[in-house]
């Protein structure tokens, strides 16, 4: 048993009790073969949330600063993490990504580029790069969405869309506009996954977001009063 599978097994029970999650669209998830998953991003625990509920090893990109910690860095590496400079993707990162895909593995990317701290939790603009990795690595893109940040002891949802083939772009030198068009297509596919969630759950989620927005507004007013002379 690999360390990844061992760690996943150890975390399985407490994680499933803490963050019970229903996966919708799992039949679309590629069980084998190279693929790049793209997912929204709320917190450092997101790779665990995704990894626990997808039925194969998930390699993932994470900001390089995390790998500079003496304890955390080696652990992330052992679990399959790949460091990336979010301002400038280096050649070493590209080589690692291509090696992962060549080995027919699954790579998860969080293309928003940073954690979403917005009260409405809406999908942020995708930073790009995923299309380049997919085309260069000859891999399909699999849209994945967490329906809001995973909340403890609540029913959460993880949504998986149909893989988006990139075959028509393989072997071509694409323009920035063409890469941007792919990014926009993926963004639209990711947002469309929200429609898979049952209406009752969407209403509960909307009420929860409204409470968060009101709380954020109250805190902003309070902070403004403190800063006032």
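Every number in this text was worked out from the coordinates using simple rules, so none of it is lab data. This structure is a prediction, so every number in the text was calculated from the model and none was measured. Cβ placement follows ideal geometry from the backbone for every residue including glycine, while neighbour counts extend to all protein chains displayed.
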| task | Taking 7 Å along the Cα-to-C-beta vector as the label spot, tell me the residue 188-residue 203 distance in nanometres, rounded to one decimal. | result | 3.1
| remark: Inter-part gap, Cα centre of the range 18-68 to Cα centre of the range 165-229, in whole angstrom, is 17
| remark: For 33-41, 58-66, ranked highest to lowest by mean beta-carbon neighbours within 10 Å, the order is 33-41, 58-66
| request: As a check on your grasp of the helix formula, calculate [θ] at 222 nm for the chain: sum -39500 (n - 2.57) over DSSP H runs of n ≥ 4, divide by the residue count, round to the nearest 500. | output: -13500 deg cm²/dmol
| remark: Here the FRET efficiency for residue 118 versus residue 28, based on Cβ atoms and R0 = 22 Å and rounded to 0.05, is 0.20
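Can you tell me the FRET efficiency between residue 154 and residue 95 if r is taken as the Cβ-Cβ distance and R0 is 41 Å, rounded to the nearest 0.05?
Working: r = 41 Å, r/R0 = 0.99.
E(calc), rounded to 0.05, equals 0.50.
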| Gaussian network model of the chain, springs between alpha carbon atoms under 10 Å - residue of 153, 19, 187 with greatest fluctuation | 153
| remark: Taking Cα atoms only, helix 91-102 is inclined relative to the longest principal axis of the chain by an angle, in degrees rounded to 10, of 70
| query | For the range 3-197, what is the percent of antiparallel DSSP beta bridges, rounded to the nearest 5? | reply | 15
| message | Which of 175, 78 has the fewest other C-beta atoms within 10 Å, and how do the rest follow up to the most? | response | 175, 78
| remark: Nearest 10, in degrees from 0 to 90: the angle of helix 176-192 to the longest Cα principal axis of the chain is 50
